[in-house]
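A.B. asks: I have a structure I would like to understand better, so I am pasting it below and will then ask my questions one at a time.
The values are calculated or read from the model by the stated rules, or taken from the named source; none is laboratory data. Because the structure is a prediction, the values reported are computed rather than measured. For neighbour counting, all protein chains shown are included, and Cβ atoms are generated from backbone atoms with ideal geometry for every residue, glycine included. When the accessible area is computed, the model is the full protein with side chains, heavy atoms only, and any ligands, DNA or RNA have been set aside. Shrake-Rupley method; radii C 1.70, N 1.55, O 1.52, S 1.80 Å.
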Amino acid sequence: MPATPQLDPILAPLARPRRLRRTPALRALVREARWSPEQLVLPVFVREGIDEPVEIASLPGQYQHTVDSLVELAHEAVKLGIGGLILFGVPAEENKDEIGSNAWAEDCIANVALRRLREEVGDSLVVMADTCLDEFTTHGHCGPITEAGEVDNDAAVACYVKVAVSQARAGAQVIAPSGMMDGQVAALRAGLDDAGFADVPILAYAAKFASAFYGPFRDAVGCELTGDRKAYQEDPANVREALHEVELDLAEGADMVMVKPGASYLDVLAAVADMSPVPVSVYQVSGEYAMVAAAAERGWIDRERIVDEQLTSFVRAGADFILTYWAMEAASWRA
Ligand code: PBG
């Protein structure tokens, strides 16, 4: 038997990081980053014209809800202690048009659901509204299209203001504009203030990239988009541009900012967390959820450990809260 190799007798006693890894209690004691259910926000979908919840094929375990099933889910979410919900409305086909005008109708599916949610759960979690038009337009873009075929920035922003005010009226406690039009935060702030909603905060999708990770979301909202959003969402290659967008949104009055998607953009998240004077969030998007769910279904990865590791990594990178389709399941592990 060869002798066990010995460490340098002088250095060895100094450098023994393994001492702190020996037991679960020691590891917990020295852990630098941890997430808790109250930091998780669940994205939810409410669909007009269905009688039963419909499971989203590419997001197994996630549903297009009826207003009633959404309310049930919200009560469950309160019990699990999650931080909030962010609502997306899926209108009936006949309610879509070129400009997405149903999005600001008092009785559109999203506003009906917001009202019910607030009646049912009050302030026991934060009810957020995604403010955009793509679910409501026939072409699936996030704003009206000009004759030249481009998304019309200022026309879109004018529509977003109407959507946001209608959502605040319906009881939304946070307005989250996701359309990536220039000047949208300033316009929403002014519009909300004018309408008497000066105390409704804006969560700006500030660093939102034109990402293939949004694929399953388009199924979830029945979005008809052909083509892409590269002319308004950010280039995945650009961190400087992302920081500029965050600065603009802050100057326009954003109360909180977001980086989206999550796992492939941890460097952006860390950079934003470093410079932002306001709370920073990250959106672990549909494609990220679908990849983990699919691989776990095949037994290729350990779902719970992967999700825990990813949520921890978001907090480690500097996120104060996380929008994630895992919110309910992850919270249930802590219950
Ligand atoms: C646009 C919007 C999208 C998502 C949230 N808001 C889709 C897009 O920008 O194409 C994606 C969320 C996800 O993939 O989970 N209103």
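A.B. asks: Please indicate, with yes or no, whether at least one residue in segment 86-95 is within 16 Å of the ligand (Cβ to nearest atom), closer than 19 Å to Glu329 by Cα, under 20 Å from the mean Cα position of the chain (by Cα) and not in a loop (DSSP other than H, G, I, E, B). Write out each step before concluding.
C.D. replies: Kept after step one, since they are within 16 Å of the ligand (Cβ to nearest atom), are these residues of segment 86-95: 86-91.
Filter once more, so that each one left must be closer than 19 Å to Glu329 by Cα: 86-87.
So of that shortlist, the ones also under 20 Å from the mean Cα position of the chain (by Cα) come out as 86-87.
This time we only want the ones that are not in a loop (DSSP other than H, G, I, E, B), so: 86-87.
Checked against the condition, which is being within 16 Å of the ligand (Cβ to nearest atom), closer than 19 Å to Glu329 by Cα, under 20 Å from the mean Cα position of the chain (by Cα) and not in a loop (DSSP other than H, G, I, E, B), segment 86-95 yields at least one hit.
A.B. asks: Could you figure out which of (1) over 23 Å from Glu94 (Cβ atoms); (2) open to solvent by 10 Å² or more (accessible area, probe 1.4 Å); (3) among the hydrophobic types (A, V, I, L, M, F, W, C); (4) out of contact with any Asp or Glu (no Cβ under 6 Å at 6 or more places or on another chain) isn't true of Leu192?
C.D. replies: Tallying (1) over 23 Å from Glu94 (Cβ atoms); (2) open to solvent by 10 Å² or more (accessible area, probe 1.4 Å); (3) among the hydrophobic types (A, V, I, L, M, F, W, C); (4) out of contact with any Asp or Glu (no Cβ under 6 Å at 6 or more places or on another chain), Leu192 fails exactly one: (2).
A.B. asks: Can you tell me which residue within segment 128-137, out of those that are in contact with a strand residue (DSSP E or B) (Cβ under 8 Å, 6 or more places away or on another chain) and in a loop (DSSP other than H, G, I, E, B), is nearest to the ligand (Cβ to nearest atom)?
C.D. replies: Looking at the filtered set, the residue picked out is Cys132.
A.B. asks: Still on this structure: Of the residues that make up segment 58-77, is at least one in contact with a strand residue (DSSP E or B) (Cβ under 8 Å, 6 or more places away or on another chain), under 30 Å from Asp182 (Cβ atoms) and open to solvent by 20 Å² or more (accessible area, probe 1.4 Å)?
C.D. replies: Kept after step one, since they are in contact with a strand residue (DSSP E or B) (Cβ under 8 Å, 6 or more places away or on another chain), are these residues of segment 58-77: 61-67, 69-70, 73-74, 77.
In the following step, the residues that additionally are under 30 Å from Asp182 (Cβ atoms) were identified as none.
Looking through segment 58-77, none of the residues is in contact with a strand residue (DSSP E or B) (Cβ under 8 Å, 6 or more places away or on another chain), under 30 Å from Asp182 (Cβ atoms) and open to solvent by 20 Å² or more (accessible area, probe 1.4 Å).
A.B. asks: While we're here: Check off (1) buried (at least 22 other Cβ atoms within 10 Å of the Cβ); (2) near the ligand (Cβ under 10 Å from one of its atoms) for Gly140 and give me the number that stays unchecked.
C.D. replies: Status for Gly140: all satisfied but (1).
A.B. asks: Given the condition of a type in the set (A, V, I, L, M), over 27 Å from Leu311 (Cβ atoms) and either open to solvent by 20 Å² or more (accessible area, probe 1.4 Å) or within 16 Å of the ligand (Cβ to nearest atom) (or both), answer yes or no: does some residue in segment 200-221 qualify?
C.D. replies: Looking only at segment 200-221, we keep the residues that are of a type in the set (A, V, I, L, M), and these are 200, 202-204, 206-207, 210, 212, 220-221.
Within this subset, residues satisfying the condition of being over 27 Å from Leu311 (Cβ atoms) are 200.
Still in the running and either open to solvent by 20 Å² or more (accessible area, probe 1.4 Å) or within 16 Å of the ligand (Cβ to nearest atom) (or both): none.
Checked segment 200-221: no residue is of a type in the set (A, V, I, L, M), over 27 Å from Leu311 (Cβ atoms) and either open to solvent by 20 Å² or more (accessible area, probe 1.4 Å) or within 16 Å of the ligand (Cβ to nearest atom) (or both).
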